[in-house]
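**Q** Before I ask anything, let me first share the structure, which is written out below as structure tokens.
Read-outs: derived from the displayed coordinates by stated rules, not from any lab. None of the values given here were measured: they were computed from a predicted structure. Glycine gets a Cβ as well: all are built from the backbone with ideal geometry, and neighbour counts include every protein chain shown.
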Amino acid sequence: MSKRDHTTMSVSEAKLPAIISPSLLSCDLATLSDEADDMHKLGADWLHMDVMDGHFVPNLSFGPPVINSLHKAQSKVSVLFILHTHFICNR
């Protein structure tokens, strides 16, 4: 079997490592930083944040102030996650 160029391989053929990215959508916002720390301790690689504007979908979720606050809190404890963000917005 010849080696294929990685750009033509399927994900299963490439054997990429799994990335664990739990969503913060259901966490307690009063303890957002603590919950992020807990996810890190439990082995999360990234954190997933759904940003909803209340227009494209009826829900309203995280916005720039919340994301900025989490970033500041995480930098104080030297745990900086990649924030995998899913934008569900039209404005």
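**Q** Take the residues in segment 32-66 that are under 16 Å from PHE81 (Cα atoms) and among the small types (Gly, Ala, Ser), then tell me which one is surrounded by the most Cβ atoms within 10 Å (Cβ to Cβ).
**A** Only one residue tops the list, namely ALA36.
**Q** List every residue pair whose Cβ atoms lie under 7 Å apart, where the two residues are 6 or more positions apart in sequence or sit on different chains, the first residue falls within segment 47-59 and is in a strand (DSSP E or B), and the second residue, located anywhere, is surrounded by fewer than 16 Cβ atoms within 10 Å (Cβ to Cβ) and acidic (Asp, Glu).
**A** Once the first residue is in a strand (DSSP E or B) and sits in segment 47-59, no partner that is surrounded by fewer than 16 Cβ atoms within 10 Å (Cβ to Cβ) and acidic (Asp, Glu) comes close enough.
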